[in-house]
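Single-structure report; data block below.
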Amino acid sequence: METSISLLQIVLLALIQGVTEFLPVSSSAHLILPAALTDWPDQGLAFDVAVHFGTLLAVVAYFRRDLAGFARSGVALAVERRWDANLDLLAKVGIATIPIVVAGMLFKAEIESHLRSTTVIAIATIVFGIALLLADRRRADRTSPSYLQATLIGLAQAIALIPGTSRSAITIAAALALGLSRHGAARFAFLLAIPAIAGAAIYTAIDVGPSMPTTWIDLGIGFAIAAVAAFACIAAFIRVIERIGMMPFVIYRVILGIALLVLV
């Protein structure tokens, strides 16, 4: 049986996922609004998986040179026993990924049962928006974290399991608070997104099971739109972040959180 979702719903939800996955504004908060303000049917888990894989493709495509560098260095390590800066960064990404994997395994069910209310999402949107502002004031000029800093950023990322936090916002805020530049913080946060998004998408795909109630055309459209929107957002954010800082996103998060508390 196929779920009937309109082209408008497909386009809007895919755009929301693509735009908000990497900007520090909370995709959870944004996805509440269409559900609350329209009578659209649930898009289904298969659609959620498709748009998540779209955002994964975007970040992989944007950082393709970094990923190719990781692969070359991995070969060099195997053949020449040579450790370099690429492997150093890859190791830090791996270390920083461990906390969210552990936390997800231990607490995901409880979080989904008790922390997915509109009030929690709205409060988290505001609170972690303010945390982003405070962290931005302490920034320095480091371009890459140390191993200890990577571990702390990973612990911060685990907090993003709370809906409304924003994985991008909390990892960037942690990196800024630890002394990374805006560009360095965003780059590490986006590299860290690759295993996080891949893991979440695969985990959700397992829940979909063999039956897929959404058409392949719908999934393909959602995938493509989310991928293009996410790639454009990553490119724009990386390009302008040193100039604009975090204040626009903080203001937006506070307004959005208040709107959720009042309207939904």
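For the range 213-264, which whole percent of the accessible surface, found with a 1.4 angstrom probe, sits on carbon and sulfur atoms?
Carbon-and-sulfur percentage of accessible area, whole number: 81.
Quantify, in whole percent, the carbon and sulfur part of the accessible surface of the range 54-205 (1.4 Å probe; protein heavy atoms only).
67
How big is D, in µm² s⁻¹, for the chain by Stokes-Einstein at 20 °C and 1.002 mPa s if Rh is the Kirkwood radius over C-alpha pairs?
113
For the range 1-42, what % of the accessible area comes from carbon and sulfur atoms, probe 1.4 Å?
65
Between LEU87 and ASP141, what is the FRET efficiency for a Förster distance of 25 Å, r being their Cβ-Cβ separation, to the nearest 0.05?
0.60
Given the -39500 (n - 2.57) contribution per DSSP H run of 4+ residues, what per-residue ellipticity at 222 nm results for the chain, rounded to the nearest 500 deg cm²/dmol?
Result for the chain: -26500 deg cm²/dmol, rounded to the nearest 500.
Using a 1.4 Å probe, what is the accessible area per residue for the chain, in Å²?
48
Roughly how many Å is it from the Cα centre of the range 75-126 to that of the range 130-155, as a whole number?
When both Cα centres are located, 15 Å separates them.
Distance from the Cα centre of the range 39-70 to that of the range 200-264, in angstrom?
Distance between centres, Cα-based: 9 Å.
Could you give P(r) for the range 21-156, binned at 10 Å from zero, as whole percent values over all Cα-Cα pairs?
9, 25, 37, 20, 8, 1, 0
Among the trypsin sites (Lys or Arg not before Pro) within the range 156-264, which fall in a DSSP loop and have no more than 13 other Cβ atoms within 10 Å of their own Cβ?
For trypsin sites (Lys or Arg not before Pro) across the range 156-264 that sit outside H, G, I, E and B with at most 13 neighbouring Cβ atoms in 10 Å, the list is empty.
Sort TYR62, TYR203, TYR147 by heavy-atom solvent-accessible area, probe 1.4 angstrom, most to least.
Sorted descending by solvent-accessible area, the residues read TYR203, TYR147, TYR62.
Where does the charge balance sit around VAL102 when Lys and Arg score +1, Asp and Glu -1, over other residues with C-beta under 15 Å from its C-beta?
Around VAL102, the charge tally is 0.
Between MET105 and GLU242, what is the FRET efficiency for a Förster distance of 45 Å, r being their Cβ-Cβ separation, to the nearest 0.05?
Result of the calculation: an efficiency of 0.80.
Where in the chain are the DSSP H helices whose C-alpha atoms run 18 Å or more along the long axis and whose mean Kyte hydropathy is at least 1.0?
Membrane-span-like by this rule: 7-20, 45-62, 85-114, 118-136, 147-159, 182-208, 216-244, 247-263.
The values are calculated or read from the model by the stated rules, or taken from the named source; none is laboratory data. The structure displayed is predicted, hence computed values, not measured ones. A quick note on method: Cβ atoms are made from the backbone with ideal geometry, for glycine too, and the neighbour counts reach across all protein chains shown. Areas reflect the complete protein model, heavy atoms only, side chains present, ligands, DNA and RNA absent. Shrake-Rupley method; radii C 1.70, N 1.55, O 1.52, S 1.80 Å.
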